[in-house]
Amino acid sequence: MTDPAIQIEGLRFAWKGGAPVLDVPSFTLARGERLFLRGASGSGKSTLLGVIAGVLQAEAGRVRVLGEDLTALSGAARDRMRADHLGVIFQMFNLVPYLSVIGNVTLPLKFSARRRQAVAGPPEDEARRLLGRLGLTDASLLERRVSDLSVGQQQRVAAARAVIGGPEIVIADEPTSALDSDARDRFITLLSEETARTGAALLFVSHDASLASLFDRAVDMAEINRQGASA
Amino acid sequence: MTAILSLAWKSLMNRKGSVILTLVAVALSVGLFLGVEKARTGAREGFGSTISGTDLIVGAPTGSVNLLLYSVFRMGNATAEISWPTYQQIAARPDVDWAVPISLGDSHRGFRVMGTQAAYFDHYKHGRGQALELAKGERFDDLFDAVIGADVARDLGYDIGSPLVLSHGLGAANLDGGHGNRPFRVTGILAPTGTPVDRTVHVSLEAITAIHVGWETGAKNPLADTIDEQMIRSFDLTPKSVTAIFLGLERKGTILTTRRAINTNKGEPLMAIIPGEALAELWTVTALAERALMAVSVFVIAVGLVSILTSILTSLNERRREMSILRAVGARPGHIFSLLVLEAGLVGFLGAVAGIALIHAILLFAGPVVAARYGVSLAGTGPGLTDLYTLLAVTSAALLIGMAPAWAAFRRSLADGLSVKV
């Protein structure tokens, strides 16, 4: 039987010297699943993503990513796991401003030999191919700095960066919070198509409950985190 | 590492304004340091190459540095003279190969005048044993002939045949009427040597005696001008005294015994010095000032390096989001640490390269002026080992200094998580 993409059991997390933020008895994201995780501001969504990405370390419990228990791994091994298997999209896309479009998309390949090897041919060609699929084909535009791009174009760059090298899990942290509803729906469709094409599981986090219908399954943070709004 | 280096470079390019200011600070500090160092080594090399092939310099008892300074570098004055019979006695010593007496005390428009013998041009060597060469004309032959150094000719616009009048004493002004009644004629111009020879007017010892006829009391006799040139030429112009004597020995191995013998001369008290030893003594005198100057230059470099630290530290907070993006796409804390250390190293390296380029550009244009005015040769040295060591030291120090903000970014990158609230 294949391990789930993410499996959490008895997770507890608190910032140093602070009150507990997460108390998650159980949470699962199947491989290839598109899950919508909604929650109010301060409900611990971003902290949960930090724990899943291995940047933050749980106080207790188990966090299995693709069968590997992150709580048993060293910091370096968690970093390697994130680099090799996770694609991340942030609120406002958070692209590196001083890199070109191509430079941003190929950035994850600089930190992961596995994802670099998964790309057939030069990374720049793969970035162009992905961006082309996302509708960005203007060669001169691809060499420009991302800060020169429109919000819609930045969305697509962020999506291409998250899926390059075929990570098994794509995490999106409120990536549509600054978009109008049309742009938001288009972006989610685009992201769903890309993850479906690569077979990646998608964990989409937002406070906007109206997006739930666009995903395979929706979960509320209040349901999985017993600390809930107190976080 | 190449990927991180490339990121560091692009990140610096993204902050061109502040980075250029920091580069300028580092470049100026490195330029100042190297400028001081080159002036120091240039001065030392210039002094060191002024005299060679002379085994001993003999003068009246004084400090060895003073004797060296006035006899070779034309700085300061002799405390007393050596009588002519004593000179003859020393020149006749069996261990002495050659002896060249010199007589100082007069000047010409700010340039020192030195009375000597024609043998001076054969025995006086500079640099690595290079002999004096005439660029034009010939050595003095007639009583009122003068051979001038290259700087004298250039600065005063003199050529062969130009007349010149000596002044009594060292002032540029013609005190007591000077020696205007005994004009000289330029017969030879020496090729440049980069030594005080370039700034010296050479005449014969007899000429020095001749121009002082009528000055026996130390001041000009009112009747001095009534003694015409013809009459002077008929006088015995053998000097009564000389200022110093340059000696070459038959065998170098006797240098210490010869020196001791001269220093314990039973008749007239004398002092003999070995030029190299006196130079070494001179360096011990100047070493303190040199060290102080170098310390100031090093502190200036330290200030330049601190500007790198300040520049990176102040940018850290606004770059937290950038760091968290890098972490999210797979950068490990070590990558973040390396990124900031490399940024500091790049700024240090580029600043040092700019500083080295700056000082060499300045030397290229200002070097000839400094050499002409102060006799310190700075130009034409080109980038050397000192520049390389400075480049390595500044880059290493910048990498080391970069560890402070790198450590701060490293710690923050662990604490901030994936999304930074700034």
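Taking the range A:131-151 only, how many residues are surrounded by 14 or more Cβ atoms within 10 Å (Cβ to Cβ) and not aliphatic (A, V, I, L, M)? Of the residues in the range A:131-151, 3 are surrounded by 14 or more Cβ atoms within 10 Å (Cβ to Cβ) and not aliphatic (A, V, I, L, M). Those residues that are under 23 Å from B:Arg259 (Cβ atoms) and surrounded by 16 or more Cβ atoms within 10 Å (Cβ to Cβ), I need them from the range B:99-124; list them, please. Answer for the range B:99-124, where residues must be under 23 Å from B:Arg259 (Cβ atoms) and surrounded by 16 or more Cβ atoms within 10 Å (Cβ to Cβ): B:Ala99, B:Val100, B:Pro101, B:Ile102, B:Ser103, B:Leu104, B:Thr116, B:Gln117, B:Tyr120, B:His123, B:Tyr124. Does the range B:293-316 contain any residue that is under 18 Å from the mean Cα position of the chain (by Cα), farther than 15 Å from B:Leu21 by Cα and surrounded by fewer than 17 Cβ atoms within 10 Å (Cβ to Cβ)? Looking through the range B:293-316, at least one residue is under 18 Å from the mean Cα position of the chain (by Cα), farther than 15 Å from B:Leu21 by Cα and surrounded by fewer than 17 Cβ atoms within 10 Å (Cβ to Cβ).
Checked against (1) of a type in the set (Val, Ile, Thr); (2) buried (at least 22 other Cβ atoms within 10 Å of the Cβ); (3) touching a strand residue (DSSP E or B) at 6+ places or on another chain (Cβ under 8 Å), A:Val105 passes all but a single condition, namely (3). When each of B:Ala8, B:Ala27 is tested for being closer than 30 Å to A:Ser100 by Cβ, buried (at least 20 other Cβ atoms within 10 Å of the Cβ) and more than 14 Å from chain A (Cβ to nearest Cβ), the lone residue that passes is B:Ala27.
Looking across B:Leu67, B:Leu23, B:Leu32, one residue alone is out of contact with any helix residue (DSSP H, G or I) (no Cβ under 6 Å at 6 or more places or on another chain), touching a residue at least 60 places away in the same chain (Cβ under 8 Å) and not in a loop (DSSP other than H, G, I, E, B). It is B:Leu67. For the range B:125-139, residues that are among the hydrophobic types (A, V, I, L, M, F, W, C), surrounded by 14 or more Cβ atoms within 10 Å (Cβ to Cβ) and over 20 Å from B:Ala244 (Cα atoms) total 1.
Screening the range B:283-322 for residues that are within 14 Å of chain A (Cβ to nearest Cβ) and of a type outside the set (Lys, Arg) and picking the one that is farthest from A:Ile89 (Cα to Cα) gives B:Ser315. When the residues of the range B:1-20 are filtered to those that are of a type outside the set (Val, Ile, Thr), touching a helix residue (DSSP H, G or I) at 6+ places or on another chain (Cβ under 7 Å) and in a helix (DSSP H, G or I), the one that is nearest to A:Ser112 (Cα to Cα) is B:Ala3.
The rows are residues; the columns are (1) within 30 Å of A:Ala159 (Cβ to Cβ); (2) of a type in the set (Ser, Thr, Tyr); (3) in a helix (DSSP H, G or I).
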| residue | (1), (2), (3) |
| --- | --- |
| B:Glu290 | no, no, yes |
| B:Ala295 | no, no, yes |
| B:Val300 | no, no, yes |
| B:Ser315 | yes, yes, yes |
| B:Glu322 | yes, no, yes |
| B:Leu326 | yes, no, yes |
| B:Gly334 | yes, no, yes |
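Taking the numbered list (1) surrounded by 13 or more Cβ atoms within 10 Å (Cβ to Cβ); (2) not aliphatic (A, V, I, L, M); (3) not in a helix (DSSP H, G or I) in turn, B:Lys266 passes all entries but (1). Kindly establish whether B:Arg251 is crowded, with 19+ Cβ neighbours inside 10 Å, among the basic types (Lys, Arg) and on the phi < 0 side of the Ramachandran plot. When the stated conditions are applied, B:Arg251 does not pass them.
Against the list (1) within 14 Å of chain B (Cβ to nearest Cβ); (2) of a type in the set (Lys, Arg); (3) not in a loop (DSSP other than H, G, I, E, B), the condition A:Lys16 fails is (3).
Report every pair of residues separated by at least 6 positions or lying on different chains whose Cβ atoms are under 9 Å apart, first residue within the range B:323-344 and closer than 22 Å to B:Val26 by Cβ and more than 10 Å from every other protein chain (Cβ to nearest Cβ), second part of a loop (DSSP other than H, G, I, E, B) and not charged (D, E, K, R). Close Cβ pairs satisfying both conditions: B:Ser338/B:Met1; B:Leu339/B:Ala331; B:Leu342/B:Met1.
Give the residues of the range B:312-363 that are among the hydroxyl-bearing types (Ser, Thr, Tyr) and modelled with pLDDT of 85 or more, sorted by residue number. Passing the criteria: only B:Ser338. Looking across the range B:55-105, the residues that are under 21 Å from B:Val203 (Cβ atoms) and of a type in the set (S, T, N, Q) come down to B:Ser71, B:Asn77, B:Ser83, B:Gln88, B:Ser103. If you check A:Gly39, A:Gly54, A:Gly44 for being closer than 19 Å to A:Arg226 by Cα, modelled with pLDDT under 90, surrounded by 17 or more Cβ atoms within 10 Å (Cβ to Cβ) and within 12 Å of chain B (Cβ to nearest Cβ), only one passes: A:Gly44. Remark: pairs (first residue in the range A:92-116, within 9 Å of another protein chain (Cβ to nearest Cβ) and farther than 22 Å from A:Glu174 by Cα; second residue in a helix (DSSP H, G or I) and β-branched (Val, Ile, Thr); Cβ separation under 7 Å; 6+ apart in sequence or on different chains) = A:Leu99/A:Val146. Applying the set (1) in contact with a strand residue (DSSP E or B) (Cβ under 8 Å, 6 or more places away or on another chain); (2) surrounded by 20 or more Cβ atoms within 10 Å (Cβ to Cβ) to B:Thr86 leaves exactly one unmet item: (1).
Just one of (1) in a strand (DSSP E or B); (2) surrounded by fewer than 20 Cβ atoms within 10 Å (Cβ to Cβ) fails for B:Asn77. It is (1). Within the range A:120-153, the set of residues being touching a helix residue (DSSP H, G or I) at 6+ places or on another chain (Cβ under 6 Å) and within 14 Å of chain B (Cβ to nearest Cβ) comprises A:Pro123, A:Glu124, A:Ala127, A:Val146.
The values are calculated or read from the model by the stated rules, or taken from the named source; none is laboratory data. Just so you know, these numbers come straight off a predicted model, no measurement behind them. With ideal geometry, Cβ positions are generated from the backbone for all residues, glycine too; neighbour counts draw on all protein chains shown.
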